[in-house]
Amino acid sequence: MTKKSATTRALRRTTATAGTPAPPAAPAAITASAAPAAPAAATATTARKATTARKATTAPKATTAPKATTARKAAPAAPAVTTVTAVTSDEAVPASAAIAPAVLRTMIVCVSDGLFETLGNTRQLEKHLGVSGTICPRYWASPSIYPWQRRQLIDLRKAKTGPRYCAGGPIRLLNLAGMRDGAFTGASMRHAHWARVVAGTKPATPWPVYLQQHLSDPSKYPMDAAIADFHRQPRVQAMRMHNAATYGAGQLDLADLEMFQSGPVGYANYHAQWALCTDAFLTEDGVRMQPASAHFADRITYLEQATRYLDSLNESQRLLAVNLQHQ
């Protein structure tokens, strides 16, 4: 009994020792198969929740409300540009449109041979030339003209003193060089006389400047105020006082103030060129040249162009001087 009991105890110990590794194997199988499955399902569930959470979280960030707010802030930029453009246009147009126009009294017209004879008989300038005016005898006739050539001149007249003069004719029968020299000499003497009249006075602002200020804003600067300001200048007062005490050709033209102030040579050259080209020039092609404004600078530009054109004409070209009306 003692041996059997010992053997029985030994077998029990052996069975107990041999069956001990089996329990850890089941947990290992569970860990390899079932355990990972549960976490996968959990991970899938977690992923859905995370995706839902991201969508829920991302939705407010993707909302266009902030962008709409930004768009509302940027929208006023377009009207601002339009407003600036409108203001600039309204302020710039009156300033650029206010130009003191040049006074046009006389025009030189290039006329064809056939039309020249027609005008010599009918004098219908507006019908044939589109110019409202009358024929003006101001050209000097050539001193070497023959009697049979006189019929080629319009309104040939004999002066009491000096050369004969007419309203127009072929360039070869006109004494243009004599007219230029005579105007230069007369202007030189007139400027010397003007210098004595205005001696001791400061340079004056010419009339076109006041006229342009009036045209820019007639309500704030009426014509009466412009005339008064122009006449109030000491140099202008000296010229007006001289004219008040002088009659006839000895008076000084206030419109020549800016030309007078350019100096004796500038004034003489201006009148030498003006004697041939006057205030405007109409070419045979119908192109009309005239000063862009009453300012002396624009008059010089016109005289440069008109003189260059006149010098390019053939000696057979016929010229006609016209006194303009309502220009």
Residue under evaluation R232, criteria (1) of a type in the set (K, R); (2) free of Cβ contacts under 8 Å to residues at least 24 places away in the same chain; (3) closer than 30 Å to C136 by Cα, criterion not met
(3)
Selection over segment 292-326 where residues are farther than 19 Å from W140 by Cβ, at pLDDT 95 or above and in contact with a strand residue (DSSP E or B) (Cβ under 8 Å, 6 or more places away or on another chain) yields a count of 3
For segment 217-251, what are the residues that are among the acidic types (D, E) and part of a helix (DSSP H, G or I)?
D224, D229
Give the number of residues within segment 126-152 that are out of contact with any helix residue (DSSP H, G or I) (no Cβ under 6 Å at 6 or more places or on another chain), in a loop (DSSP other than H, G, I, E, B) and not basic (K, R).
7
Could you say whether any residue in segment 277-300 is hydrophobic (A, V, I, L, M, F, W, C) and more than 23 Å from L324 (Cα to Cα)?
no
Restricting to segment 271-303, name every residue that is over 15 Å from T106 (Cβ atoms), in contact (Cβ under 8 Å) with a residue 24 or more places away in the chain and part of a helix (DSSP H, G or I).
A272, F296, D298, I300
Determine which member of the set H214, H193 is crowded, with 19+ Cβ neighbours inside 10 Å and either assigned by TED's automatic domain parsing to the domain that holds L254 or in a helix (DSSP H, G or I) (or both).
H214
So in segment 123-175, with the set limited to residues that are more than 21 Å from R288 (Cα to Cα) and among the aliphatic types (A, V, I, L, M), which one is nearest to the chain's Cα centre (by Cα)?
L174
Restrict the check to segment 246-256 and report whether at least one residue is in the same structural domain as Y270 (by TED's automatic domain parsing), under 28 Å from W140 (Cβ atoms) and buried (at least 17 other Cβ atoms within 10 Å of the Cβ).
yes
Yes/no for D285 being charged (D, E, K, R) and closer than 19 Å to P208 by Cβ:
no
Counting only residues that are of a type outside the set (D, E, K, R), assigned to a helix (DSSP H, G or I) and closer than 19 Å to Q233 by Cβ, how many does segment 252-266 have?
5
Specify the residue that is farthest from G266 (Cα to Cα); the eligible residues are those in segment 284-309 that are of a type in the set (A, V, I, L, M, F, W, C) and touching a helix residue (DSSP H, G or I) at 6+ places or on another chain (Cβ under 6 Å).
M289
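The values are calculated or read from the model by the stated rules, or taken from the named source; none is laboratory data. Please read all numbers here as calculations on a predicted model, not as lab measurements. Note: ideal-geometry Cβ built from the backbone for every residue, glycine included; neighbour counts use all protein chains shown.
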